[in-house]
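Heads up, the thing below is written out as structure tokens.
The values are calculated or read from the model by the stated rules, or taken from the named source; none is laboratory data. Source: prediction; values computed, not measured. Here the Cβ is made from the backbone with ideal geometry for all residues, glycine too, and neighbour counts use every protein chain on show. For accessibility, only protein heavy atoms count, side chains too; no ligands or nucleic acids. Shrake-Rupley method; radii C 1.70, N 1.55, O 1.52, S 1.80 Å.
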Amino acid sequence: IAAIVMLAGFLRGDDPALMLRVSISLAVAAVPEALPAMTTLILALGVLRMARQRAIVRKLSAVEALGSTTVICTDKTGTLTENRMTVREYRLSDGQSFELENHGPVSVVLDRLLRTSVLCNDAAFDSGPAKHDTIGDPTETALLVAADLLERNAAAERLRYEKVRECPFDAVSKRMTAVLRDKNTDKYIAVLKGAPSVVLGMCSDFITDDGSLEPLDDEMRASFLSINEDMASSGLRVLAFADRSLETAQEEIERGYTFLGFSGMTDPPRQGVESAIRTAQEAGIRIVMLTGDQVMTAGAIARELNLSPDGDIYSIHASEITAMDDTALAQAAARAHVFARVSPEDKLRIVEALQKAGEIVAVTGDGINDAPALKRSDIGIAMGLRGTEVAKEAADVVLTDDNFATIVKAIEGGRTIYANIIKFVHLMFSHNLGEVLVIFAALVSGLPLPLLPLQILWLNIITDVFPALALAVEPASGETMGQHPRSSGGALFSPQFLFLICWQGLMLSAITLAAYVWALDAYGDGAHARTVALLALVGVELGHSFNCRSRTRSAFNGFFTNPYIFGAAMIMVILQTAAFTISPLSRLLDLVTPNFNDLAVTLLCVLTPVVIVELTKVFARYGVDRRSQAQA
């Protein structure tokens, strides 16, 4: 277009040197040279804002993925819940049920179970003046606190027994075993805790109410598993306990245990998590819980947190994942709400299956083994409080509070950043197109040149930079999380967006040319008419800056939520006023002092684009409402 403008000026007989300068200035104005810098600035400011909300973005490229997220695969403990385990009840092998809040005397069986829970335990506990000051895994510290409440002295018990060897808990074995020597009798015992099905599988008998041992046949094993399911279905995390006597410290410890009973623990949901899940669902984001808990426990918690809007929770056990091929897993993952008893390897397969189903996946993790899933996901989110350094290095985002609600805030931040980039692009391209069309249309229609080269460059400086900076810090609007995720593969310049830029650029140029034609009629060709043309362009672009705050929402909706845009408008007015009042600058730009009529026309140019765009937004919203009513 700049080349055509220059050629048109030559053919019309204008000064070739002037037309060369005009075309170069026009090219400078048309090319959004600030776009890379402004985009980086918007990303940086958005990332800073997200960091203040406790989500540290380690890679700028992660921001785009955040805005496109369709599925969040989240751990349960410590993310959806407080990671504050509390023992609520014990179900003993002799048939008794024992609640901590309303308990009677400790029976022989419970006393033996408490001994196992204290010895098969690596947590630390201070039962002195700083009572219940614990260090260690929340599950194990909960067992120590419960034992202390039932007057079982953990410190004294541990002094009596010397730990000889230990098989620590892991996600594969789902159990912990310890071999200890009684210093008083010099005899050995093995203590076991873990997943109910695993522990029961290692037991050969159980203790009854009279203290005798009975064989653990299939019928009794099924009865105990039914008790476990009953506890799990009420949302309790269930652990089973067993012990056995040993002849030597090196004796085989894989079987032959006496089953003692279960403990049921609760881990309350984090405050604000249910609200955050609802916000994510309204934004078109599905939440999938990945947990090491049993299916029944995980399902109960998922229902409590409303992971499924219709209340129908679809849960998958890790054993089912093993039996599925990649295609079957992708189909199952597309509708699952809970994956139970998962290992880090399972988590990686789930992420890959969801991606195969076309989802943009965010996944949380804290352990070393979570690193592959964090790396493979579209957006890896590590826990800052309990996460390992390996997990943090593999992640794109680190949460400093380990809270699920912060993930939703980060997604909102990612969407806001992307929306602000779109607003800036909308402003810059429609402004620049309007400037180009004013010069082009004037020359093609035979009008005198409306702007000189330095005036074009001056206009480019004051109307692009400051409004763009203001839009960079535009706060999130109510519509940010009310829309479904945008397609990650979608083009920035969609046909609808290009049409919007084109018609609004035409509108800005038409209003400016109308003011210029009025000035030519009033003052004739010369500095005064070009002054009005410059004022008109500054005015329409000032008004249009407010239009660019939203493509659908009224400019007056949340009018004062972004004070920076008013600051940008004030800077534009001050700079343009300085161009008239400071003599060296006015001479350089070839401007004259405007009169009352000129200022009235300028004010009209400020208001006209706002009115026109507001009317189009009203009609667009009315059309959407009519379509919604028709569909209903």
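For the reader, a short list of remarks on this structure follows.
- Filtered by the rule that a residue be open to solvent by 10 Å² or more (accessible area, probe 1.4 Å) and farther than 26 Å from ASP521 by Cβ, segment 434-463 gives LEU457, ASN460, ILE461.
- Some residue of segment 526-533 being open to solvent by less than 20 Å² (accessible area, probe 1.4 Å), farther than 23 Å from TRP503 by Cβ and of a type in the set (S, T, N, Q): yes
- The set of residues in segment 388-413 being over 19 Å from SER275 (Cβ atoms) and either of a type in the set (Val, Ile, Thr) or modelled with pLDDT under 90 (or both) consists of THR388, VAL390, VAL397, VAL398, THR400.
- 3 or more residues within 15 Å of CYS73 (Cα to Cα) and open to solvent by less than 40 Å² (accessible area, probe 1.4 Å): qualifying strands (runs of 3 or more DSSP E) within segment 256-331: 286-290
- Residues of segment 432-448 satisfying the condition of being modelled with pLDDT of 85 or more and either among the aliphatic types (A, V, I, L, M) or within 30 Å of VAL57 (Cβ to Cβ) (or both): LEU433, VAL436, LEU437, VAL438, ILE439, ALA441, ALA442, LEU447
- Residue in segment 207-230 that is β-branched (Val, Ile, Thr), farther than 30 Å from GLY367 by Cβ and not in a helix (DSSP H, G or I) present: yes
- Near pairs, Cβ below 8 angstrom, 6+ apart or cross-chain, from segment 381-397 (over 12 Å from VAL57 (Cβ atoms)) to any residue that is among the hydroxyl-bearing types (Ser, Thr, Tyr): MET383/THR79; MET383/THR364; GLY384/THR400; LEU385/THR400
- Applying the set (1) charged (D, E, K, R); (2) open to solvent by 40 Å² or more (accessible area, probe 1.4 Å); (3) over 37 Å from the mean Cα position of the chain (by Cα) to ASP243 leaves exactly one unmet item: (2).
- The set of residues in segment 322-345 that are closer than 21 Å to SER173 by Cβ and in contact with a strand residue (DSSP E or B) (Cβ under 7 Å, 6 or more places away or on another chain) comprises PHE339, ALA340, ARG341, VAL342.
- Matching option when the condition is within 25 Å of GLU251 (Cα to Cα) and in contact with a Pro (Cβ under 6 Å, 6 or more places away or on another chain), among ASP217, ASP205: ASP205
- Verdict on VAL363 being touching a strand residue (DSSP E or B) at 6+ places or on another chain (Cβ under 6 Å), open to solvent by less than 30 Å² (accessible area, probe 1.4 Å) and closer than 22 Å to SER308 by Cβ: yes
Residues checked against (1) open to solvent by 50 Å² or more (accessible area, probe 1.4 Å); (2) among the charged types (D, E, K, R); (3) touching a helix residue (DSSP H, G or I) at 6+ places or on another chain (Cβ under 9 Å):
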position	(1), (2), (3)
ALA142	no, no, no
ALA147	no, no, yes
LYS163	yes, yes, yes
PRO168	yes, no, no
ASP186	yes, yes, no
ALA190	no, no, no
SER212	no, no, no
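- Selection from segment 302-317 of residues that are in contact with a Lys or Arg (Cβ under 7 Å, 6 or more places away or on another chain) and modelled with pLDDT under 90: GLY311
- Complete set of residues in segment 348-399 that are assigned to a strand (DSSP E or B) and closer than 28 Å to ALA328 by Cα: VAL361, ALA362, VAL363, THR364, GLY365, ILE379, GLY380, ILE381
- Residue within segment 380-394 that is under 30 Å from HIS544 (Cβ atoms) and acidic (Asp, Glu) present: no
- Across segment 558-593, the qualifying residues are those that are free of Cβ contacts under 8 Å to residues at least 40 places away in the same chain and either in contact with an Asp or Glu (Cβ under 7 Å, 6 or more places away or on another chain) or part of a loop (DSSP other than H, G, I, E, B) (or both), and the one among them that is most open to solvent (accessible area, probe 1.4 Å) is PHE560.
- Evaluation of THR185 against (1) in a loop (DSSP other than H, G, I, E, B); (2) β-branched (Val, Ile, Thr); (3) touching a residue at least 60 places away in the same chain (Cβ under 8 Å); (4) over 15 Å from CYS120 (Cα atoms) (one fails), failing number: (3)
- Output for segment 406-427, where each listed residue is open to solvent by less than 20 Å² (accessible area, probe 1.4 Å) and either under 9 Å from the mean Cα position of the chain (by Cα) or aromatic (Phe, Trp, Tyr) (or both): THR406, ILE407, VAL408, ALA410, ILE411, GLY413, GLY414, PHE424
- Of all the criteria given as (1) within 30 Å of GLU247 (Cβ to Cβ); (2) touching a strand residue (DSSP E or B) at 6+ places or on another chain (Cβ under 8 Å); (3) at pLDDT below 90; (4) not in a helix (DSSP H, G or I), the one not satisfied by PHE125 is (1).
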